[in-house]
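Student: Below is a structure I'd like to ask you about.
No value in this document is a laboratory result; all are computed from the given coordinates. None of the values given here were measured: they were computed from a predicted structure. Here Cβ is always computed from backbone atoms with ideal geometry, including for glycine, and neighbour counts include all displayed protein chains.
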Amino acid sequence: MVSSTRSSTEARLSTKARYPFLPEAKIEYLSLGFDLDSFKSPSTKPIVERAFKRVINALKYGENVDPSDVAEDDKTEIASFPLAIIIVAKTGDKFLQRRFALAEASIIQKRMNELMIRDESEVISGEVKRWSEFIQEIARNVFMMDVEKVEYPPYAYTVGLVDYLKSASNINDQAWKLVNRVVDKGRVYLEARELVRLLRDRIERYILENIEKAEREIGKLPENLEEIVNNVKSQIPIRKIEDLAVAAISRPDAWPPCIRSIYSKLTSGESVSHFANFLVASFLINTGVSVDEVVSIYSQRSDFDEKIARYQVEHIAGLKGSRTRYTTPSCGKIKTNGLCIENGRFCGNIKNPMTYYKRKLRELEKVDKSKDADSDKHGEASS
Ligand code: SF4
């Protein structure tokens, strides 16, 4: 579903229609004077249909959504963005909310990358800006990032440490770890594509904040929008959560707090660090959960790609690569990564989460046996 070239329809749209988080797009939307009841009118039907399509595209394709799939005109494209946010908010589904934010932010990332490849300009605040200035202006003036231009190939920008860490810590890739970066006097050097990647993270957060705001503040929708929300809800995949396959094999009530905490984030579609993903996958594999079931947990992530997830889990299970099953990381390593819960005070003096699991499992099995014995006694007494 990825398009590498800009369609003629997309090229006809203004900058604010293609970058709907820009303050200018918001001003344009407000100038249209719409309220929720405006979307009952047949004259706004194209906007409602486009908003629905934006949401469904995000649900189906996630970050692989096609940036050239746009409305025919500026007004429809601009107004459909806040309306899509309202629709997503009203589903109340966290997975869809994250996936929508990811999809829309990925579209912007692709547009900016293409702008760079074509060495083109955009019009922002009434001024024509070459791509390098356009990107810098968005970073500085829209997201208040401390970004400077440099000419030090391959680097094109530097960003202050605080701003770098704010976004880069959410990216699951070793290349983004500070130790692997060029840093000088508190500034991190970035290639243009890398600044665009950090911007994607800011845009994703901006969209999520707006979804949360809409969820809190928007009241009852007109009937036609309510129907759309229900239609969207009916298309959200049913999740296989712990009460199904995983729980049948690995007892969640025997999991240590660190695993439970990451697991609940994963099943609500939240993104967690590379290490946290590895920890949960290796823990589950070592408690006997199958590759398929572990992959199904990752399907809750907004950026889920089954091929990649399956490859990684099979690697951890020893079915790929070195053919060695990975052991679950130690508590020491989990602490270093900031994932131990309350410094292990619920766990006793253990060195590995598997020790907690095995110990707890034995306790739970004893309790189960005594309950069975009790119910047998009651059964005999009443017969
Ligand atoms: S002590 Fe170990 S098992 Fe317990 S929460 Fe911390 S890291 Fe997890």
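Student: If we count every other residue with Cβ under 13 angstrom of G186's Cβ, Lys/Arg +1 and Asp/Glu -1, where does the sum land?
Tutor: -1
Student: Let me ask you something else. Express in % the proportion of alpha carbon pairs of the chain at distances exceeding 32 Å. Please report the intermediate quantities before stating the final value.
Tutor: Values: 33346 of 73153 pairs.
Distances greater than 32 Å cover 46 percent of the Cα pairs.
Student: Now a separate question. Need the full-extension length gain, N224 to L178, defined as separation in residues times 0.36 nm minus the C-alpha distance. One decimal, nm.
Tutor: Working: separation 46, 0.36 × 46 = 16.56 nm, distance 4.92 nm.
Using 0.36 nm per residue and subtracting the Cα-Cα distance, I get 11.6 nm.
Student: When the helix-only estimate is applied to the chain (DSSP H runs of n ≥ 4, each -39,500 (n - 2.57), divided by the residue count), what is the mean residue ellipticity at 222 nm, nearest 500 deg cm²/dmol? Don't skip to the answer; put the middle values down first.
Tutor: Details: 17 runs with 216 residues, N = 383.
That calculation yields -18000 deg cm²/dmol at 222 nm.
Student: Percent of Cα-Cα pairs per 5 Å bin, from 0 to the last occupied bin, for the range 135-176, please list those.
Tutor: 5, 21, 25, 27, 18, 3
Student: Could you quote the convex hull projected area for the range 195-238, Cα atoms only and averaged over all directions, in nm²?
Tutor: Values: hull surface 17.9 nm².
Computed as one quarter of the Cα hull surface, the answer is 4.5 nm².
Student: Given a Förster distance of 35 Å, report the FRET efficiency between R118 and D37 from their Cβ-Cβ distance, rounded to the nearest 0.05.
Tutor: Numbers: r = 42 Å, r/R0 = 1.19.
According to the calculation, E is roughly 0.25.
Student: For the range 104-190, run through the GluC sites (Glu not before Pro) and keep only the ones in DSSP coil with at most 15 other Cβ atoms within 10 Å of their Cβ.
Tutor: Details: sites: E104, E114, E120, E122, E127, E133, E137, E148, E151; in loops: E120.
Answer by residue number: E120.
Student: Ok, one more. Provide H315, H274 in ascending order of the number of other Cβ atoms located within 10 Å of each residue's Cβ, fewest first. Walk me through the numbers on the way to the answer.
Tutor: Details: H315 18, H274 15.
Taking fewest neighbouring Cβ atoms as first place, the list is H274, H315.
Student: What are the residues whose amide H is under 5 Å from the amide H of Y155, where those residues sit 5 or more places off or on another chain and H is modelled from the backbone?
Tutor: none
Student: Which whole-number percent gives the relative contact order of the chain, counting Cα pairs below 8 Å spaced six or more residues apart?
Tutor: Working: 448 pairs, mean separation 55.8, N = 383.
It rounds to 15 percent for the chain.
Student: Measuring from label point to label point, each 7 Å out along Cα→Cβ, what is the D292 to D146 span in nm?
Tutor: 5.2
Student: Can you run phi through the Karplus equation (6.51, -1.76, 1.60; θ = phi - 60°) for the range 93-98 and list ³J(HN,Hα) in whole Hz, with x for Gly and Pro?
Tutor: Result, rounded to whole Hz: 9, 5, 4, 4, 4, 5.
Student: With the Cα gyration tensor of the range 1-140 in hand, give its eigenvalues times 5 under a square root as the equivalent ellipsoid semi-axes, listed largest first in whole angstrom.
Tutor: On the way: eigenvalues 116, 67, 38 Å².
They are 24, 18, 14 Å, listed largest first.
Student: If the elastic network links every pair of Cα atoms under 10 Å, which of Q300, Q235, Q136 fluctuates the most in the Gaussian network model of the chain?
Tutor: Result: Q235 has the largest fluctuation of those listed.
Student: With viscosity set to 1.306 mPa s at 10 °C, what whole-number translational diffusion coefficient in µm²/s follows for the range 8-234 from Stokes-Einstein and a Kirkwood radius over Cα pairs? Walk me through the numbers on the way to the answer.
Tutor: Numbers: Rh = 18.4 Å.
In µm²/s, the coefficient is 86.
Student: Mean-square fluctuation check for the chain, GNM, Cα pairs under 10 Å: which of I308, I171, I86 is largest?
Tutor: I308
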